[in-house]
Amino acid sequence: MSTPLPLLVLNGPNLNLLGLREPEVYGTQTLDDVRALAEERAAQHGLTVDVRQSNHEGQLIDWIHEARTGHCGVLINPGAYSHTSVAIRDALAAVEVPIVEVHISNVHRREAFRHHSYVSAVADAVIVGAGVDGYALAVEWLARRVRA
Ligand code: DQA
C-alpha cells in the first residue's frame, strides 16, 4: 500500500502565541503541545501531520492550495481570519479533501463579531470550545474519514 499523504494542520494569526496569549481564554498549552497532540492522534491511525502557522493571509491561502494535491485532509484554525476572510473561504472551497474548522475557545460565548465564520460553510465539520483537545478530535475525525 502506498504511504498516505499527511494531514495539513493550519493555524492562523496569533496562534504562534498559544500558551502565552490570553491563557484564561486559550489555556496554557503551546503550539508545540498541539503539534505533539495531533502527531500522536494521527499516528494511531497510521497517518502523519504537517503542522504550520502563519500570521499572513496570503501565506495561509498558498498552503491551502498545496492541500489540493499534497494532503489527505485539512484541519484549520483560521484565528481571526475566520470572521473576516472571504479569500480563505474561497481557497478552502477549491480543496476536495475533508476539512475541519477548529476553534479552541467557544466563539459563540464571546463577542458578537466572533459568531460568524466565513469558513464554516465550506468545512465538513466544525469543533468549537473544546480547548486544544479540539485538535485531537478533529484529527481523529479526519483520520476516520480518510481511512473509510
Ligand atoms: C480562535 C477564535 C478567534 O475568534 C480568535 O480570533 C483566535 C482564536 C480560537 O481558536 O478560539 O485567534 O480561532
**OP:** In whole angstrom, note down how far apart the Cα centers of the range 31-52 and the range 107-148 are.
**Re:** 16 Å
Subject >> Kirkwood-type radius of the chain, with distances r between different C-alpha atoms, in Å >> reply: 15.1 Å
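Restricting to DSSP H runs of at least four residues, report the calculated mean residue ellipticity at 222 nm for the chain, -39500 (n - 2.57) per run over all residues, nearest 500 deg cm²/dmol.
Details: 5 runs with 54 residues, N = 148.
Mean residue ellipticity, 222 nm, calculated: -11000 deg cm²/dmol.
Once you order the gyration tensor axes a ≥ b ≥ c over the Cα atoms, which shape class does the range 1-62 get: rounded for a/c under 1.5, otherwise prolate or oblate by comparing a/b with b/c? List each step's numbers first, then the result.
Details: a/c = 4.35, a/b = 1.47, b/c = 2.97.
The shape class here is oblate.
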**OP:** Quick one: which residues, 5+ away or cross-chain, put their amide H under 5 Å from the amide H of I76? H built at 1.01 Å from N.
**Re:** L10, V100, E101, V102
Subject >> Cα-centre dipole for the range 7-147 with unit charges at Cβ (Lys and Arg positive, Asp and Glu negative), debye to 20 >> reply: 240 debye
Original post:
Where does the longest stretch of the chain lie that holds no trypsin sites (Lys or Arg not before Pro) found in a DSSP loop with 15 or fewer other Cβ atoms within 10 Å?
Top reply: 22-109
Subject >> Per-residue ³J(HN,Hα) for the range 17-22, Karplus 6.51 cos²θ - 1.76 cosθ + 1.60, θ = phi - 60°, Hz, x for Gly and Pro >> reply: 9, 3, x, 10, 8, 6
**OP:** Count neighbours as other Cβ atoms within 10 Å of each site's Cβ, and list the GluC sites (Glu not before Pro) in the range 11-116 that are DSSP loop with at most 15 such neighbours.
**Re:** E96, E111
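FYI, it's all coordinate maths here, none of it is from the lab. Predicted model, so just to flag it, every value in this text is computed and none were measured. Neighbour counts are summed over all protein chains in view; Cβ atoms, including those assigned to glycine, are modelled from backbone coordinates with ideal geometry.
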